[in-house]
1. Find the centroid of the Cα atoms in region B:335-357 and in region B:179-221, then give the distance between the two in whole Å.
2. Just check chain A against the gyration tensor rule for me: Cα atoms, a ≥ b ≥ c as the square roots of the eigenvalues, rounded for a/c under 1.5, and otherwise prolate or oblate depending on whether a/b exceeds b/c.
3. With Cβ to Cβ distances under 14 Å as the rule, what net charge do the other residues near residue B:263 carry (K, R +1; D, E -1)?
4. Could you pull out every whole DSSP H run in chain B that spans at least 27 Å of Cα extent along its own axis and averages 0.5 or higher on the Kyte-Doolittle scale?
5. Once R0 is set to 41 Å, what does the formula 1/(1 + (r/R0)^6) return for the Cβ-Cβ distance between residue B:201 and residue B:48, expressed as a FRET efficiency to the nearest 0.05?
6. Estimate the FRET efficiency between residue B:330 and residue B:66 by the formula 1/(1 + (r/R0)^6), using the beta-carbon distance for r and 56 Å for R0, to the nearest 0.05.
7. Roughly speaking, what is the stretch gain from residue B:476 to residue B:304, that is 0.36 nm per residue apart minus the C-alpha to C-alpha distance, in nm to one decimal?
8. Residues of region B:195-221 with backbone nitrogen within less than 16 Å of a virtual label 7 Å along the Cα-to-Cβ line of residue B:248, please, listed as ranges.
Amino acid sequence: MRILVVEDDKDVAGFVVRGLKEAGHVVEHADNGRDGLFLAASETFDAVILDRMLPGGIDGLKILETLRGQKNHVPVLILSALAEVDERVKGLKAGGDDYLTKPFAFAELLARVEALSLRGKSEGPLTKLVVEDLELDLLSRQVKRAGQKIDLQPREFRLLEYLMRHAGQVVTRTMLLEGVWDYHFDPQTNVIDVHVSRLRQKVDKPFPTPLIQTVRNAGYMLRAEPV
Amino acid sequence: MGRVLPLPLREGENVAATPSPAATPSSPTTVPSAAPPRRSTLFLFRSASFRFAVVYAVLLAASAAALAMFLWWSTAGLLDRQTEAAIHADAQGLSERWAEGGLPALVLTIEDRLAGNVDDDAIYLLTDPMMRRIAGNLERWPASVRQPAAWYEMPVRRAGITSLARLQRYDLPNGFHLLIGRDVQVRAQLRTLLTDALLWALVIVGAMATAGALLVRSLFRRTLANVSATATAIAAGDFAQRVKLSGRGDEFDQLAETINDMLDRIGRLMDGVRQVSNAIAHDLRTPITRARTRLEDAALHAHTPDDLRAAIERATADLDGIVAVFQALMRIAEIEAGSRRSAFCRFDLAPLLGDVAELYGAVAEDRQVSLVVAAPAQIPAYGDRDLVQQAIANLVDNAVKFSPAGGVVRLRAMAHPDGVEIVVADQGPGIPAGDRARATERFFRGEAARSTPGAGLGLALVQAVALLHQGSLRLEDAEPGVQATLTLPAPDDAAAG
């Protein structure tokens, strides 16, 4: 993936750029708003990581509004120290696809950026998700593994659907809370782990190879090979 | 105050001058006393009490002037109009006579009219083209009367007596001239009397306006002085000061109450800030120390890269914990600031309870705790949906966390006409009565909570959400365990609009 990082803090930018490169992405970096806007508008990226408060007179939101004004629909993840709910709403209203507040864990950032670039790539509405021998039918809302029917609760179905849509990618607990439960705060107890482990009981346990993998310090991933 | 008095007086002068037909119409003179330097005038006008006083004085003077003008118009003015009408009628009659019988008829008529004039106030003078007298009771044509159709008021000499007369000149064909008038000596005296009375009245009004203006100003100042003194005291650091109420319940009392409410709220917010900064200083020191120790320990004593990595990961986890505490604190602060009230709307609480129960049901089951939900199919509520959800989640989280294996957590919700009540009860160790009041303070952790993870912010957030909704959070003994009741009042219809 080709990713543009617009971030003025040298340490944060260096860390993010290094991490993204290690994860196999091609990264461009701009350390001020003017260069950031120029790069974002003139070149093609699969995703943009955008800081909100930038030097150079053009802040992150202005870049975002300009891009959207030019019908540029590149997925944008806003990375900001402005953590209030209103700020978040402002960022998303301006055209941001996701909003991550600082300080952040790199695993969370990577998972979200990769999830973003996936968005809008599927051609036409999907009716069936398939990962290895696991099949999820979105119309009949049935799940089968190796031809064997698996009974899931509605929420378990949505959890599995989310994991399958992001198959091969890391999905963090926060992403699951937001994507499956529509919760935008951090429950103190690790409720997600419990739900995932219940899903595992039904989807993985009766079968020889587990599909739901735990990624240490990050979250989960759906794929055949262990992480 | 230098400008208050002259204003009504000047108005008064104008009133007295304008209706007098003899006087040349005097244009309203421009503020002659605007002598004080411009800066001080501006300064005075910047004082609201002065403005109110001036407005009062000007209003009073203007109404008095209007009244005086009307009085004049309906008395002295009426007399003048009557005189003019009589002269007009005379002229009409005489010109008809002239048309019928020429000069002899006119002379006869004038003499007839003079003879029949009981009041002896009629004045006639008919002259030939050379201004020589033909008939009438004036000896000479007054030299200054030259314009026909204009009104003249002047002293004339008649039968040896000089008196004031109102005259009009008519030019007849063949160069004859006719002067018709009325003796207005008595009326003029009456007018003078009236003018004097009105002028005096205006002087009195001016004095009253000044006195009234001073009174208005001092009233205004006295009312504001109370508020102003309180504000000054608070600005100087004495936050305990409050605006005194007069007890009359008037607008100023209402204002004072509003200001006091505002001050109370500011005080509470300030206490909150103080409490939070103290709490941060004390309670975040521990995890920060832990993280720092881990890192330093690893730097000094780790022998293998794996040890080092493990230490760094643990320190990172500690820091993440600190960040989580910060985020929780900021969220509470954000809720307390009340800015989220714009997101209020009507929503159904029932599915929200179902979601929370579903989310925590799995955790509860894992701990062999049963989570029992009892709620009607529909619970109309009003507020910030996300915050209410988080508050309920926090209560359920606490209840599940503190429940012993085999315990029951009950989540109930009831819709009352005046609001919604959400009750979460557990069978855990409970909160000792002495701690219950402090349980909603930030960072407060009871004895029983020492062994469980958490920062002591969960109930503080629920409390903040309750207050934001003007509801309440009540903690009671459930014997055993805690029963937390979150009440969200129904919106008054105006607010929900």
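No value in this document is a laboratory result; all are computed from the given coordinates. Because the structure is predicted, anything quoted here is derived from the model rather than measured. Neighbour counts are summed over all protein chains in view; Cβ atoms, including those assigned to glycine, are modelled from backbone coordinates with ideal geometry.
1. Between the Cα centres of region B:335-357 and region B:179-221 lies a distance of 70 Å.
2. Prolate shape, in that a/c is at least 1.5 and a/b is the bigger ratio.
3. -1
4. What comes out of the filter, once short or polar helices are dropped, is B:48-74, B:185-235.
5. 0.85
6. For residue B:330 and residue B:66, the calculated efficiency is 0.30.
7. Result for the pair: 56.6 nm of gain on full extension.
8. B:215-221
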